[in-house]
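K.L.:
So that we are looking at the same thing, I have put the structure below in structure tokens.
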Amino acid sequence: MVPAWLAANPRASRQQTFGPAQRAVIDPAKVPDVGALLGGGHGPTPLYALPALATRLGVGEIRAKDESQRFGFGAFKALGGVFAVHQFIATHKDRPAAGITFTTASSGNHGRSVALGAQSVGARCTIFLPKFTSAEKEEAIRAKGADVIRIDGDYDTAVAECRRQAAERGWTVISDTSWEGYGQIPLDVMRGYTMLAAEILREWKDGPTHLFVQAGVGGLAAAVIGYFWAVLPQRPVSVIVEPESADCWFQSNRAGQPALASGAADTAMGGLACREISPVTWPILGMGADWFMTITEDQVIPARRLFAHPLNGDPALTSGPSGCAGLAGLTRICTEADAFKALGLDGQSRVLLINSEGNLGEGTV
Ligand SMILES: Cc1ncc(COP(=O)(O)O)c(C=O)c1O
């Protein structure tokens with residue numbers, strides 16, 4: 001019996017091929033070079049091996065892709081917003097950048113990426129932040145030349161307000177989540193994220209057998225799982241990790257269609273504090289993610305500490321509460337024999353984690 005916080009995807013099968021519905025979301029032939037859009041000089045982020053941790057947890061290998069070192073920006077989000085802004089400019093040549101105001105709602109990281117993209121093309125930018133986003137993240141967005149509007153509510157409330165004001169003022173929304181009639185730009189954002197998946201496989205030829213990836217609306221997970229599914233002979237067993245209170249993917253898996261989170265998304269994991277999934281990701285995560293699990297708030301600090309103060313000889317990683325959630329998921333699985341077995345984990349498994357953010361505005365542990 002697997003624990004109640006873990007659920008298999010009844011629609012996923014190991015034999016299912018990456019078909020047209022999936023390719024419409026993630027196209028492995030269209031991985032951009034986002035660093036070049038920012039003037040170049042950026043190498044891939046490190047893919048660290050954590051052998052001591054692998055031994056402790058009883059798996060063959062653990063590797064962590066360290067997005068805290070992305071472009072000096074500190075989160076994988078630098079890939080998505082920046083690329084989508086440049087893509088918009090490239091496909092709307094009739095609109096001078098100086099006359100465009102880009103906008104989005106964000107828990108912090110995506111907004112900073114859109115602000116960076118807007119600054120790099122000479123456009124204006126206004127970012128909507130929920131109540132919980134740290135003052136440091138707000139300051140970092142302003143430092144990229146953007147205006148900030150604080151919303152007295154959560155992430156989903158900020159999304160609604162951003163949509164309302166953008167429609168009123170003629171601003172261009174660069175959202176990382178999709179809704180009915182609004183899909184292309186979130187797809188561009190996810191296309192930016194595929195760069196990190198491509199970097200991983202350039203360095204790690206066999207790739208992982210297992211992937212623990214944290215989800216907010218699902219964009220990161222869909223980009224990575226979709227890319228691996230498309231290019232590897234066998235896609236890894238993929239586990240979607242969410243905070244208990246922001247379990248929109250866990251609930252959507254159970255319902256067999258997009259469904260709301262069971263809680264109020266009041267979590268320290270700000271980047272994952274979403275009550276609704278991004279519907280464009282469904283053909284990938286709804287059909288091809290193998291497992292969905294939740295983690296509790298008190299599992300965050302131990303996971304951040306484990307990255308920051310690693311076991312014997314493993315490299316140290318700086319992470320924020322959302323960044324370490326995949327590791328918190330893995331350690332939770334490894335403390336439950338039934339769960340460990342159900343996922344097919346053993347001493348041969350090659351596990352991938354993505355440290356999706358550093359500690360900007362999150363203090364140290
Ligand atoms: C650090 C971090 N990790 C993971 C995520 C989740 O990404 P997505 O909302 O695409 O699932 C976010 C989203 O903001 C984030 O900021």
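Read the figures in this text as sums done on the coordinates, not as results from a lab. Keep in mind the model is a prediction, meaning the values are calculated, not measured. All Cβ positions, glycine included, derive from the backbone under ideal geometry; neighbour counts span all protein chains shown.
K.L.:
What is the distance in Å between the Cα centres of the stretch 326-365 and the stretch 213-231?
P.N.:
Going from one Cα centre to the other spans 16 Å.
K.L.:
Still on this structure, please answer the following. Tell me, how many Å apart are the Cα centres for the stretch 152-175 and for the stretch 59-77?
P.N.:
Using only Cα atoms, the two centres lie 30 Å from each other.
K.L.:
A further question follows. With an 8 Å cut-off on Cα pairs and a minimum separation of 6 or more residues, tell me the relative contact order of the chain in percent.
P.N.:
Dividing the mean separation by the residue count of the chain yields 24 percent.
K.L.:
Rounded, prolate or oblate: pick one for the stretch 231-306, where a ≥ b ≥ c are the square roots of the eigenvalues of its C-alpha gyration tensor, a/c under 1.5 means rounded, and failing that, prolate if a/b is larger than b/c, else oblate.
P.N.:
Since a/c reaches 1.5 but b/c is at least a/b, the shape of the stretch 231-306 is classed as oblate.
K.L.:
Top mean-square fluctuation among 108, 183, 323, Gaussian network model of the chain, C-alpha springs under 10 Å?
P.N.:
183
K.L.:
Counting only helical runs of four or more DSSP H residues, what would the 222 nm mean residue ellipticity of the chain come to if each run contributes -39,500 (n - 2.57) and the total is spread over all its residues?
P.N.:
-11000 deg cm²/dmol
K.L.:
Suppose a student asked you for the relative contact order of the stretch 78-175, using Cα pairs under 8 Å spaced at least 6 residues apart; what percent would you report? Provide the component values of the computation, followed by the final result.
P.N.:
Details: 185 pairs, mean separation 30.2, N = 98.
Computed over the stretch 78-175, the figure is 31 percent.
K.L.:
Under DSSP H, which helices of the chain have Cα atoms covering 27 Å or more of the helix axis and a Kyte-Doolittle average no less than -0.5?
P.N.:
Flagged H segments are 184-203.
K.L.:
Let me ask something else about it. How many nm is it between the label spots at residue 17 and residue 91, if each spot is 7 Å from the Cα in line with the beta carbon?
P.N.:
Those two pseudo-labels are separated by 2.7 nm.
K.L.:
For the chain, what is the percent of antiparallel DSSP beta bridges, rounded to the nearest 5? Each step should come with its number before you reach the end.
P.N.:
Details: 8 of 38 bridges.
Of the beta bridges lying entirely in the chain, close to 20 percent run antiparallel.
K.L.:
Å³ per residue of the Cα convex hull, for the chain?
P.N.:
For the chain, the hull spanned by Cα atoms encloses 124 Å³ per residue.
K.L.:
Among the listed pairs 30/144; 131/205; 65/341; 65/93; 137/341; 30/131, which are separated by more than 32 Å between their Cα atoms?
P.N.:
Over 32 Å Cα-Cα: 131/205; 65/93; 137/341; 30/131.
K.L.:
Apply the a/c threshold of 1.5 to the C-alpha gyration tensor of the stretch 10-54 and tell me whether it is rounded, prolate or oblate.
P.N.:
Oblate shape, in that a/c is at least 1.5 and b/c is the bigger or equal ratio.
K.L.:
Answer with one residue from 284, 327, 54: the one whose Cα lies farthest towards the positive end of the charge dipole of the chain, charges on Cβ with Lys, Arg +1 and Asp, Glu -1.
P.N.:
284
K.L.:
Is the shape of the stretch 198-267 rounded, prolate or oblate, going by the alpha carbon gyration tensor and its root eigenvalues a ≥ b ≥ c, with a/c under 1.5 for rounded and a/b larger than b/c for prolate? Intermediate values should be presented prior to the final figure.
P.N.:
Values: a/c = 2.97, a/b = 2.24, b/c = 1.33.
The shape class here is prolate.
K.L.:
Between exposed trypsin sites (Lys or Arg not before Pro) in the chain, where DSSP calls loop and at most 14 other Cβ atoms lie within 10 Å, what's the longest gap? Please report the intermediate quantities before stating the final value.
P.N.:
Details: sites that count: 11, 14, 93, 131, 205.
Answer - 206-365.
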